[in-house]
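The values are calculated or read from the model by the stated rules, or taken from the named source; none is laboratory data. Fair warning: this is a prediction, and the values are worked out from it, not measured in the lab. Cβ placement follows ideal geometry from the backbone for every residue including glycine, while neighbour counts extend to all protein chains displayed. Only protein heavy atoms, including side chains, enter the accessible area calculation; ligands, DNA and RNA are left aside. Shrake-Rupley method; radii C 1.70, N 1.55, O 1.52, S 1.80 Å.
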Amino acid sequence: MSRHAQQLRDHDRNPCIAETDASRKCMDDNDYKKDMCTDYFLKYKNCRKFWHDIMMQRKRNGVKPEMPSAEERRKILESME
């Protein structure tokens, strides 16, 4: 597996692995008919936007690392429930 592919599968770097996997599975299950998977694509897009906004806010505030770790993200999501 390439270094880039490893980074994409790293839960501390990529907060949307579950959404990525779900959309890929949907595509596989539906013979790559995109219109059958729009809900999964929307969930992925919303996930990326949410964590990108968090990352940019942390960057503006000088917080390192800019992307919260998997554990920090779990706590952030729990605090929102």
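Condition check ((1) surrounded by fewer than 14 Cβ atoms within 10 Å (Cβ to Cβ); (2) over 15 Å from the mean Cα position of the chain (by Cα)) across all residues:
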{"position": "R24", "(1), (2)": "yes, no"}
{"position": "G62", "(1), (2)": "yes, yes"}
{"position": "A70", "(1), (2)": "no, no"}
{"position": "R73", "(1), (2)": "no, no"}
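Residues that are part of a helix (DSSP H, G or I) and in contact (Cβ under 8 Å) with a residue 24 or more places away in the chain were ranked within segment 51-72; the one that is farthest from D10 (Cα to Cα) is W51. Residue count for segment 19-43, restricted to those that are more than 19 Å from D53 (Cα to Cα) and in a helix (DSSP H, G or I): 16. Answer with yes or no whether D53 is exposed (fewer than 12 other Cβ atoms within 10 Å of the Cβ), at pLDDT below 95 and under 15 Å from the mean Cα position of the chain (by Cα). In short, no. Quick one: is T38 open to solvent by less than 100 Å² (accessible area, probe 1.4 Å), farther than 20 Å from L77 by Cα and of a type in the set (S, T, Y)? So T38 fits the description; yes. Residues that are of a type in the set (D, E, K, R) and touching a residue at least 40 places away in the same chain (Cβ under 8 Å) do not occur anywhere in segment 22-38. Among the residues of segment 1-17, those identified as surrounded by 13 or more Cβ atoms within 10 Å (Cβ to Cβ) and either touching a His at 6+ places or on another chain (Cβ under 6 Å) or part of a helix (DSSP H, G or I) (or both) are L8, I17.
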